[in-house]
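S.K.: Once you've had a glance at the structure underneath, I'll fire off some questions.
Throughout, read-outs are computed from the coordinates displayed, never taken from laboratory work. Here the structure is a predicted model, which is why all the values come from computation and not from measurement. Neighbour counts are summed over all protein chains in view; Cβ atoms, including those assigned to glycine, are modelled from backbone coordinates with ideal geometry.
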Amino acid sequence: MLTVENLHCSYGRIEALHGVSIKVDAGEIVTLVGANGAGKTTLLRAISGVQPITSGQILFDGMRIDRVPAHRRVAAGIAQVPEGRQMFAPLSVEDHLKLGAWTRRDDEVAADMQRIFELFPMLAERRGSPAGALSGGQQQMLAVGRALMAKPRLILLDEPSLGIAPVLVDRILGVIRKLKDDGLTVLLVEQNARAALAIADRGYVIETGRVTIAGSGKALLADDRVQAAYLGM
């Protein structure tokens, strides 16, 4: 579904990605593991179109999208849940979900919103509340729901467990597994490397803007280098 080939990205004179290549097959959960500043978020932003690339290619369903504007990538089926959630504090939960569906012209928006409320009952209880009044975990659920309202085929999740209670982390990761079971493809950046690799079909380790290790989630969990660097073993 997604192929990234020899991708380079820079912030001014500082290059953040040095020839990164990854692939994500339809129906997979693929996890990116790495330290802060390794380039994981930059890679997601490049795929979604909000970070310009210097060189390389991004292909979605076999078609090049690296020169396609971000809003057209959303319409093509790519949605991102950004790090930090990026809520509009005064807008209600329901308005955020409607905002997520802005590219759509079908008659199923209301039904899909109801499915989001079934997936996250906490949001249903707070549907009229401003997003700024929600807890961090509730905001994260809303950020995921907002992305799902675009009806993506590929969802990019950037640190979904950051700053939320452990019990809600388990719930978010459970939702990610359910999304895969429902046929969605997931590219996941997650600080909790152990939990992320446990649900991943495959993973990539990114260090200083380069892919250094790749393999199945199970293989990376058992890799001595990954254990020492990211799993505290």
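S.K.: So, in the stretch 38-56, exactly how many residues are within 17 Å of the chain's Cα centre (by Cα) and surrounded by 17 or more Cβ atoms within 10 Å (Cβ to Cβ)?
M.R.: 13
S.K.: Name the one entry in Phe120, Phe88 that is surrounded by 21 or more Cβ atoms within 10 Å (Cβ to Cβ) and aromatic (Phe, Trp, Tyr).
M.R.: Phe120
Okay, residues lined up against (1) part of a strand (DSSP E or B); (2) within 30 Å of Gly136 (Cα to Cα):
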residue: Asn6; (1), (2): yes, no
residue: Cys9; (1), (2): yes, no
residue: Leu32; (1), (2): yes, yes
residue: Asn36; (1), (2): no, yes
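S.K.: Just the residues that are touching a His at 6+ places or on another chain (Cβ under 9 Å) and surrounded by 16 or more Cβ atoms within 10 Å (Cβ to Cβ), please, taken from the stretch 172-229.
M.R.: Gly209 - this is the single residue of the stretch 172-229 that is touching a His at 6+ places or on another chain (Cβ under 9 Å) and surrounded by 16 or more Cβ atoms within 10 Å (Cβ to Cβ).
S.K.: From Ala26, Ala16, Ala35, grab the single residue that is within 28 Å of Tyr230 (Cα to Cα), among the small types (Gly, Ala, Ser) and buried (at least 21 other Cβ atoms within 10 Å of the Cβ).
M.R.: Exactly one of Ala26, Ala16, Ala35 is within 28 Å of Tyr230 (Cα to Cα), among the small types (Gly, Ala, Ser) and buried (at least 21 other Cβ atoms within 10 Å of the Cβ), namely Ala16.
S.K.: May I pose another question? Restrict the check to the stretch 91-98 and report whether at least one residue is over 23 Å from Ala26 (Cβ atoms), part of a loop (DSSP other than H, G, I, E, B), in contact with a strand residue (DSSP E or B) (Cβ under 7 Å, 6 or more places away or on another chain) and among the aliphatic types (A, V, I, L, M).
M.R.: Scanning the stretch 91-98, I find at least one residue that is over 23 Å from Ala26 (Cβ atoms), part of a loop (DSSP other than H, G, I, E, B), in contact with a strand residue (DSSP E or B) (Cβ under 7 Å, 6 or more places away or on another chain) and among the aliphatic types (A, V, I, L, M), so the answer is yes.
S.K.: Residues in the stretch 64-83 that are assigned to a loop (DSSP other than H, G, I, E, B), surrounded by 14 or more Cβ atoms within 10 Å (Cβ to Cβ) and not hydrophobic (A, V, I, L, M, F, W, C): how many?
M.R.: 4
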